[in-house]
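The block underneath contains the structure these notes are about, expressed in structure tokens.
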Amino acid sequence: MISFYRFFFGIFSILCAINTSNAQIREDNFYVYDANWNGTDIKHAHYLVRTKKINDTSWQWDTYAIYGPLIKTEYSRDAQGNVAEGELYFYNSKGNIDSITSYKKGLADGDWIYKNDTGRTKLTKTYKNGKLIKEVDNIKEDSLKNLEETNEEEEEENEDEEIESEFPGGSKGWARYLNKNLKYPERAINSSIEGVVRVGFIVDENGKIIEPRIFESVEFSLDEEALRMIKESPGWTPAIQKGKKVKSYKMQPIVFKLE
């Protein structure tokens, strides 16, 4: 992370060069680089980096292919990006999450999750204060678990009904919400970019959206619009388990298609 942020000195801001439908992101800082990570102009750019101050002790750094998917999202405790903090997300060439790492005050701390090409978790490493304390082969563990469950006869009586969280009005309500509020970003229109952005998030016990993240990226302006649609959506109907409202995880696709 530190070596990456060294590139930020002496580069060019392009605050007015990025044209999207979300005016709020113009308060952020944007930088462009050539293929060798040297500062350049938008015409010769290969990479786009957006930095955003979340609060006095948290900054977000998003790195994109200039007209392509997200490469990584990182968080730091300082404006220079020298001290990693929280979960960091890394994406493959198709824009799908490849791995998630976790830091606390610049040290590896928490679960580091690695995924295969299908999006399945294949390996989890757990760190504490910068030291590896546990490593799990998830695919092997899942196979053994499935084998055990197959060989056991399980009888469940009086099984409690579980209800998934959903958008008010279900799929029809979601379609109406998109039709009324979705704005196709001008940057994507001008570049003829379309695709499906998938946003993962938590619906809490009160139906509030928590921690929306890009899990499948297409392009900067489309990703930003997808996040906006999730963040600004009305309260969801929370999930119910054993008769109680509970937190639940959702993965919502948002389709962008030019007519």
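The values are calculated or read from the model by the stated rules, or taken from the named source; none is laboratory data. Every value quoted in this text rests on a predicted model; they were computed, and no experiment measured them. Neighbour counts are summed over all protein chains in view; Cβ atoms, including those assigned to glycine, are modelled from backbone coordinates with ideal geometry. Side chains are part of the model used for accessible areas, which takes the heavy atoms of the whole protein and leaves out ligands, DNA and RNA. Shrake-Rupley method; radii C 1.70, N 1.55, O 1.52, S 1.80 Å.
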Notebook entry, point to check: What number of residues within segment 94-116 are under 17 Å from PRO69 (Cα atoms) and open to solvent by less than 50 Å² (accessible area, probe 1.4 Å)?
Noted result: 5
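Matching residues to (1) at pLDDT 95 or above; (2) in a strand (DSSP E or B); (3) out of contact with any strand residue (DSSP E or B) (no Cβ under 7 Å at 6 or more places or on another chain):
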residue: TRP61; (1), (2), (3): yes, yes, no
residue: TYR67; (1), (2), (3): yes, no, yes
residue: PHE90; (1), (2), (3): yes, yes, no
residue: THR101; (1), (2), (3): yes, yes, no
residue: ASN146; (1), (2), (3): no, no, yes
residue: GLU149; (1), (2), (3): no, no, yes
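Please verify whether SER248 is within 17 Å of the chain's Cα centre (by Cα) and farther than 21 Å from ASP98 by Cα, treating the condition exactly as stated. Reasoning before the result, please.
On the way: within 17 Å of the chain's Cα centre (by Cα): yes; farther than 21 Å from ASP98 by Cα: yes.
Spelling it out, SER248 is indeed within 17 Å of the chain's Cα centre (by Cα) and farther than 21 Å from ASP98 by Cα.
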Next item on the list: Considering (1) under 17 Å from ASP223 (Cα atoms); (2) surrounded by fewer than 18 Cβ atoms within 10 Å (Cβ to Cβ); (3) modelled with pLDDT under 50, say which one THR20 fails and leave the rest.
Entry: (2)
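Listed here are the residues, each with its yes/no results for (1) within 22 Å of LYS72 (Cα to Cα); (2) in contact with a Gly (Cβ under 8 Å, 6 or more places away or on another chain).
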position: SER165; (1), (2): no, yes
position: TYR184; (1), (2): no, no
position: PHE201; (1), (2): yes, no
position: ASN206; (1), (2): no, yes
position: GLU224; (1), (2): yes, no
Item checked: Hits in segment 55-93 (condition: more than 26 Å from VAL197 (Cα to Cα) and open to solvent by 10 Å² or more (accessible area, probe 1.4 Å)) -> ASN55, ASP56, THR57, ARG77, ASP78, ALA79, GLN80, ASN82, VAL83
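Rundown of residues vs (1) among the acidic types (Asp, Glu); (2) out of contact with any Pro (no Cβ under 6 Å at 6 or more places or on another chain); (3) more than 25 Å from LEU70 (Cα to Cα), yes/no style:
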{"position": "ARG187", "(1), (2), (3)": "no, yes, no"}
{"position": "ILE193", "(1), (2), (3)": "no, yes, no"}
{"position": "ARG198", "(1), (2), (3)": "no, no, no"}
{"position": "ILE209", "(1), (2), (3)": "no, yes, no"}
{"position": "ILE230", "(1), (2), (3)": "no, no, no"}
{"position": "TRP236", "(1), (2), (3)": "no, yes, yes"}
{"position": "LYS244", "(1), (2), (3)": "no, yes, yes"}
{"position": "LYS250", "(1), (2), (3)": "no, yes, no"}
{"position": "LYS257", "(1), (2), (3)": "no, yes, no"}
Notebook entry, point to check: Which one of the conditions (1) closer than 21 Å to THR63 by Cα; (2) part of a loop (DSSP other than H, G, I, E, B) does GLY207 fail to meet, given that it meets all the rest?
Noted result: (1)
Checklist line | All positions within segment 205-253 that are in contact with a helix residue (DSSP H, G or I) (Cβ under 7 Å, 6 or more places away or on another chain) and surrounded by fewer than 21 Cβ atoms within 10 Å (Cβ to Cβ) | finding: ILE209, PRO212, MET229, SER233, GLN252
